[in-house]
Amino acid sequence: MHSLWLSLRQILSHGVITLLAVAIAFSLPQAASYILNQWWPKVEGDASLLLATELGVAFVLALLFNLAKIAWDNRQKVATAKLASLVYARNAGTGWLSRRRERALLRRLPAARDAFVLSVTGHDTFVAPRSLVREALEKAYEIRVMLVNPIGKGLRTRADSLPPEITVLTLHTEIEATIGYLSGLRRFGKKVKLKFYDEEPFWKLIVLGDYVWVQHCHSGFQVRQQPEYVFVLQHGEPRHGLFVPFYMVFLNQWNDARHPEYDFDTNELVYRDASGKEVQRASLGVPINGAQAPLNQPPVSATKAAPAALLRPLGETLTPRSGL
């Protein structure tokens, strides 16, 4: 249906352009005859009408030449954006109307089988009502997500760099909400995998089909305050553009054996070796209601795992505030 709609739109646009060209071609003789035989004799004998005509022609010529100059000056910018495969860019703080291009882009996207998300807490992507990509993510069958480890040093470093009202507990609450949302997707039959990384967040990436959404996790600023860029894969020249480099950033992080996978059933972190074999497990302990938890909880043997330190019940109302 998506391909059929695109084909119909192209056929309709070509038809409209053809009809417009035919109409202009058939109206030219009548327009030329009117200007030469009726309009010009009136203008020739009327000084005021002649002056108005000259001003009108001068205005039209100035407008056309200025448009031509702008197009000529921006040709390099267009070529650069095309080489980088940049199809959309949005500055922080823009409103609903300014994001209409992004909404139109998402509506044109076919349903992607796989979706990949590298984020801080994932709240703005999965939980926040204002998320534009959540509906597209829900259409994917397999969803791979990487979030910052709630008991790692990277999260504490991130929290310390943000405004005082955003604390480690705030980020934990957002991660809980994201885990609850992903658990709901699993119950609906989606194949969801979640991993945690310990480093301080640097990129927020969302890969949907041939498009990747990119934001920089700048220290001291919330992710929503950063500009957003969308790059597309060029099938003819995959080496061109920034889609492949950012896609590889996610794959390299995902395939790094240092990053444990989350077990939704036991609330444990599963450590694997380079071959994918499980070697260790550790309970995901998260400080709730201000209680402290160790930064580096020692992993335990897979054959003798410690009891899971359960998160807050998923049905409980959450009030995340930092928007990461």
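The values are calculated or read from the model by the stated rules, or taken from the named source; none is laboratory data. Just so it is clear, the model here is predicted, and its values are computed rather than measured. Methodologically, a virtual Cβ is constructed for each residue, glycine included, from the backbone with ideal geometry; neighbour enumeration extends over all protein chains shown. We work out accessible area using only protein heavy atoms, side chains counted, and drop any ligands, DNA or RNA first. Shrake-Rupley method; radii C 1.70, N 1.55, O 1.52, S 1.80 Å.
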(message) Just to check your reading of the model, which residue among Ser27, Ser33, Ser7 is part of a helix (DSSP H, G or I) and within 31 Å of the chain's Cα centre (by Cα)?
(response) Ser7
(request) Would you be able to tell me the number of residues in segment 177-221 that are under 18 Å from the mean Cα position of the chain (by Cα), open to solvent by less than 30 Å² (accessible area, probe 1.4 Å) and without any contact (Cβ under 8 Å) to a residue 60 or more places away in the chain? (result) 4
(message) Given the criteria over 20 Å from Ile206 (Cβ atoms) and touching a His at 6+ places or on another chain (Cβ under 8 Å), does Pro163 qualify?
(response) no
(request) Give the residues of segment 29-49 that are of a type in the set (A, V, I, L, M, F, W, C) and surrounded by 10 or more Cβ atoms within 10 Å (Cβ to Cβ), sorted by residue number. (result) Ala31, Ala32, Ile35, Leu36, Trp39, Trp40, Val43, Leu49
(request) For Val230, work out the one condition from (1) at pLDDT 90 or above; (2) over 29 Å from the mean Cα position of the chain (by Cα) it doesn't fulfil. (result) (2)
(message) So Val279 ticks every box in (1) modelled with pLDDT under 90; (2) β-branched (Val, Ile, Thr); (3) within 21 Å of Phe116 (Cβ to Cβ) but one. Which box is left unticked?
(response) (3)
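Those residues that are of a type in the set (Gly, Ala, Ser) and either touching a His at 6+ places or on another chain (Cβ under 6 Å) or surrounded by 15 or more Cβ atoms within 10 Å (Cβ to Cβ) (or both), I need them from segment 104-126; list them, please.
Listed by number, the residues that qualify are Ala112, Ala115, Ser119, Gly122.
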(message) Can you report the number of residues in segment 139-176 which are of a type in the set (A, V, I, L, M), without any contact (Cβ under 8 Å) to a residue 60 or more places away in the chain and closer than 24 Å to Ser219 by Cβ?
(response) 5
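Quick grid of which residues meet (1) outside any helix (DSSP H, G or I); (2) out of contact with any Phe, Trp or Tyr (no Cβ under 9 Å at 6 or more places or on another chain); (3) of a type in the set (Phe, Trp, Tyr):
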position	(1), (2), (3)
Glu165	yes, yes, no
Leu169	no, yes, no
Thr173	no, yes, no
Leu182	no, no, no
Leu205	yes, no, no
(request) Only residues in segment 101-126 that are under 18 Å from Tyr247 (Cβ atoms) count as the first member; pair them with residues that are among the acidic types (Asp, Glu), Cβ under 7 angstrom, at least 6 apart or cross-chain, and list the lot. (result) Arg113/Glu142; Asp114/Glu142
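Scan segment 246-273 residue by residue and report those that are closer than 30 Å to Phe231 by Cβ and part of a loop (DSSP other than H, G, I, E, B). Even if it seems obvious, please write down each step before you answer.
Of all residues in segment 246-273, those closer than 30 Å to Phe231 by Cβ come to 246-262.
Result: Asn255, Asp256, Ala257, Arg258, His259, Pro260.
Is it fair to say Val244 is among the aliphatic types (A, V, I, L, M), at pLDDT 85 or above, surrounded by 15 or more Cβ atoms within 10 Å (Cβ to Cβ) and under 30 Å from Lys82 (Cα atoms)? Please lay out each step first, then the result.
Values: among the aliphatic types (A, V, I, L, M): yes; at pLDDT 85 or above: yes; surrounded by 15 or more Cβ atoms within 10 Å (Cβ to Cβ): yes; under 30 Å from Lys82 (Cα atoms): yes.
Against the criterion (among the aliphatic types (A, V, I, L, M), at pLDDT 85 or above, surrounded by 15 or more Cβ atoms within 10 Å (Cβ to Cβ) and under 30 Å from Lys82 (Cα atoms)), Val244 qualifies.
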(request) Output the strands (runs of 3 or more DSSP E) that fall wholly within segment 77-163 and possess 1 or more residues being in contact with a strand residue (DSSP E or B) (Cβ under 8 Å, 6 or more places away or on another chain) and under 30 Å from Ser283 (Cα atoms), or say none. (result) 114-118, 142-148
(message) Within segment 128-146, does at least one residue satisfy the condition of being open to solvent by 20 Å² or more (accessible area, probe 1.4 Å), farther than 23 Å from Phe246 by Cβ and not charged (D, E, K, R)?
(response) yes
(message) Could you tell me how many of the residues in segment 106-140 are among the small types (Gly, Ala, Ser) and within 12 Å of the chain's Cα centre (by Cα)?
(response) 4
